[in-house]
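Colleague: Have a look at this one.
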Amino acid sequence: MIGLPTGTRIWLAAGVTDMRKGFDGLSALVQTQLAEDPFAGHVFVFRGRRGDCVKLLWWSGDGLCLFAKRLERGRFIWPQATSGAVSLSGAQLSMLLEGIDWRRPQRTWQPQHAA
């Protein structure tokens, strides 16, 4: 993952998106459906209908960047809402891109004794 500047907001677009859309189509979705500015420096994450593909749209300051990832096994965990946006932290985005359930991450080990 590319290091994002401090203060960058990450928005997950609820519902499904036509993954044939590119820079212009996703920018239009950000403006019309999410009521956000695609050139504000935020990251916008979109998921396809099958759930195995995501696209991220990000304004880097001098141009739009479009990243795509397809999981060979499994699905990306997505909110139940069909419209709007959900704000994520950088750690949640990292988990999402690894195919981990970012909503309820569980530690695999808990300390049993203090001494």
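The values are calculated or read from the model by the stated rules, or taken from the named source; none is laboratory data. Bear in mind that the values here come from a model prediction, so they are computed numbers and not experimental data. Cβ sites come from the backbone with ideal geometry, for glycine too, and all protein chains shown count toward neighbours. Side chains are part of the model used for accessible areas, which takes the heavy atoms of the whole protein and leaves out ligands, DNA and RNA. Shrake-Rupley method; radii C 1.70, N 1.55, O 1.52, S 1.80 Å.
Colleague: Just one of (1) surrounded by 13 or more Cβ atoms within 10 Å (Cβ to Cβ); (2) more than 21 Å from R9 (Cα to Cα); (3) modelled with pLDDT under 85 trips up A115, so point out which.
Modeller: Here A115 meets the rest and fails (1).
Colleague: With surrounded by fewer than 12 Cβ atoms within 10 Å (Cβ to Cβ) and of a type in the set (G, A, S) as the only criterion, which of G48, G61 stands out?
Modeller: G61
Colleague: Here's something else I'd like to know. Has the stretch 67-77 got any residue that is among the β-branched types (V, I, T) and assigned to a loop (DSSP other than H, G, I, E, B)?
Modeller: yes
Colleague: Residues of the stretch 84-94 being touching a Lys or Arg at 6+ places or on another chain (Cβ under 9 Å) and either part of a helix (DSSP H, G or I) or among the acidic types (D, E) (or both), which ones?
Modeller: Selection gives Q92 alone.
Colleague: Just one of the numbered conditions (1) among the hydrophobic types (A, V, I, L, M, F, W, C); (2) at pLDDT below 95; (3) open to solvent by 40 Å² or more (accessible area, probe 1.4 Å) is not true of L34; which one?
Modeller: (3)
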